[in-house]
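The values are calculated or read from the model by the stated rules, or taken from the named source; none is laboratory data. Predicted model only: the values in this text are computed from it and were never measured. Neighbour counts are summed over all protein chains in view; Cβ atoms, including those assigned to glycine, are modelled from backbone coordinates with ideal geometry. To get the accessible areas, we keep the full protein, side chains included, count just its heavy atoms, and leave off ligands, DNA and RNA. Shrake-Rupley method; radii C 1.70, N 1.55, O 1.52, S 1.80 Å.
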Amino acid sequence: MAVYRQPVEEDIVDSVKVGLIGFGTIGTGVVRILTENAAWLARRAGVPIRLKTIVDIDLERDRGVPVEGITLTHDIGDILGDPEIRIVIELVGGIEPASTILLDAMSANKDVVTANKALLAAKGPELFQAAVEAGVDIGFEASVAGGIPIVRCIKEGLAGDRIRSISGIINGTSNYVLSTMTEQGRGFSEALKQAQELGYAEADPSLDIDGHDTAHKLSVLVGLAYGMSVRPGEIFTEGIREITDMDIAHAGELGYRIKLLALSKRQQGTLEVRVHPTMISARHPLASVGEAYNAIYVMGEATGPVMFYGQGAGMMPTASAVASDLIEISRNLRLGIRRRMPPLGFYGDFLQEAAVKKMEDLCTKYYIRFPVEDRPGVLSKIAGVLGDNGISLHSVIQHGRSGSGPVHIIMLTHEARERSLQQALSKINGMQEVLGKSLSIRIEDALNPF
């Protein structure tokens, strides 16, 4: 159990020296803030925060930020072995050597700050427990939603409430692609290419558009909101590759928008966690979140709906989040205080194993698109299979043939069970009259559905 420790005289500091491991894009932003805004940060923290040492493989490239008076080295030991350095910032990314760096730093009695959501999703419980046992602090505000202070808001601002659900747009690349498809009528490939040209998407965008980055961040949010551990492998994850401009247009006609959402809901002793393209009402606050922006919509028992919006990535927004952790830890060090708050804001058994609801047990409404032959009886045959699996239809749209391709039947269902839908689709996709794989999109209906 984490225990608040009374300060002793030698713990109290009048300045805080910092070591940075990883001088990439975010690291460059951190250096800029620490050097250009030093006086402002000192006012905030109550003590000067000085960047003493930077470790990186490439120390020759000019990042356009001042490094005079800062030790530049390839040796991590120059930070971990320096007793003057009180806080270590890890910005190398990935699982290793990032995990070892943080564990070694905590073993050396240093507080740590990281922006590494993939690492926290994979090894968060171990790292948080290591921080507790070492009696040090671990800051990770920058790991979710860039410049949006969602970690601190859930951990502190909403600490007096029980959170029912979180629904978030927390990947800027996917949101830019879907927003471009919606607003400019572009197809998926064209919108993705535009995102890559503008620097919103990597050359290999799989982590973003396939939903894995979103799942990593959702894993962190679940720990903060519910004090429960959910690994990315336990989160149902589906990306946006199969969404077409046709689906975007149909969604608009039906009064919906399509967003890649991270969804978590606490229900009757189980936790629902999923990432997938979702149709939400065009009136919902999340529907208007465009370009590469992020937003997190939190529903509390006492507070009701609260939404956080802003830049979810980028050099300076993310670096600002790192700096906020440095300030918080420096304030504590100034007073000789450590472990004022446990990593996720829960004392005792602060990270319990979650009972995750099986995706096949999900009940929701669905949008389904079937590419079929244009001949009589196809619609009734498909409807019959759905009916045999207990799925009732709310409405049906059938378009005429366009060129030589298939016609498309669009169906909206009433609430149905995921297991039943997948069983029905498996049978329908095998029908001779169906000319390609059907597409289903889950619907979260109503303005405040969570």
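So here's what we get for this one:
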quantity: Residue identified as at pLDDT 90 or above and assigned to a helix (DSSP H, G or I) among LEU421, LEU412; calculated: LEU421
quantity: Residue match in segment 329-341 (condition: under 25 Å from ILE235 (Cβ atoms), in contact (Cβ under 8 Å) with a residue 60 or more places away in the chain and either basic (Lys, Arg) or surrounded by 22 or more Cβ atoms within 10 Å (Cβ to Cβ) (or both)); calculated: no
quantity: Residue within segment 124-138 that is of a type in the set (D, E, K, R), assigned to a helix (DSSP H, G or I), modelled with pLDDT of 95 or more and under 23 Å from ILE327 (Cβ atoms) present; calculated: no
quantity: Selection from segment 303-340 of residues that are touching an Asp or Glu at 6+ places or on another chain (Cβ under 6 Å), more than 19 Å from LEU41 (Cβ to Cβ) and of a type in the set (Ser, Thr, Tyr); calculated: THR303
quantity: Residues being part of a helix (DSSP H, G or I) and either in contact with a strand residue (DSSP E or B) (Cβ under 7 Å, 6 or more places away or on another chain) or touching a residue at least 24 places away in the same chain (Cβ under 8 Å) (or both) - total across segment 196-205; calculated: 0
quantity: Selection from segment 228-256 of residues that are open to solvent by 40 Å² or more (accessible area, probe 1.4 Å), among the hydrophobic types (A, V, I, L, M, F, W, C) and in contact with a Pro (Cβ under 9 Å, 6 or more places away or on another chain); calculated: none
quantity: Test: residue in segment 57-65 that is on the phi > 0 side of the Ramachandran plot, surrounded by fewer than 19 Cβ atoms within 10 Å (Cβ to Cβ) and under 31 Å from the mean Cα position of the chain (by Cα); calculated: yes
quantity: Candidate set from segment 148-189 (those that are touching a Ser or Thr at 6+ places or on another chain (Cβ under 8 Å) and part of a helix (DSSP H, G or I)); member that is nearest to MET246 (Cα to Cα); calculated: PHE188
quantity: Which numbered condition ILE148 fails, given (1) in contact (Cβ under 8 Å) with a residue 24 or more places away in the chain; (2) closer than 21 Å to ARG339 by Cβ; calculated: (2)
quantity: Pairs, first part of a helix (DSSP H, G or I) in segment 310-324, second acidic (Asp, Glu), C-beta under 6 Å, six or more apart; calculated: ALA321/GLU141; SER324/GLU141
quantity: Filter pass, ARG186 being surrounded by fewer than 20 Cβ atoms within 10 Å (Cβ to Cβ), more than 15 Å from ILE329 (Cα to Cα) and charged (D, E, K, R); calculated: yes
quantity: Of residues in segment 110-166 being among the polar types (S, T, N, Q) and surrounded by fewer than 23 Cβ atoms within 10 Å (Cβ to Cβ), the one nearest to VAL88 (Cα to Cα); calculated: GLN129
quantity: Cβ-Cβ under 6 Å pairs, at least 6 apart or on other chains, segment 381-399 side touching a residue at least 12 places away in the same chain (Cβ under 8 Å), far side exposed (fewer than 13 other Cβ atoms within 10 Å of the Cβ); calculated: SER392/HIS414; HIS394/HIS414
quantity: Of residues in segment 261-309 being open to solvent by 50 Å² or more (accessible area, probe 1.4 Å) and assigned to a loop (DSSP other than H, G, I, E, B), the one nearest to GLY146 (Cα to Cα); calculated: GLU291
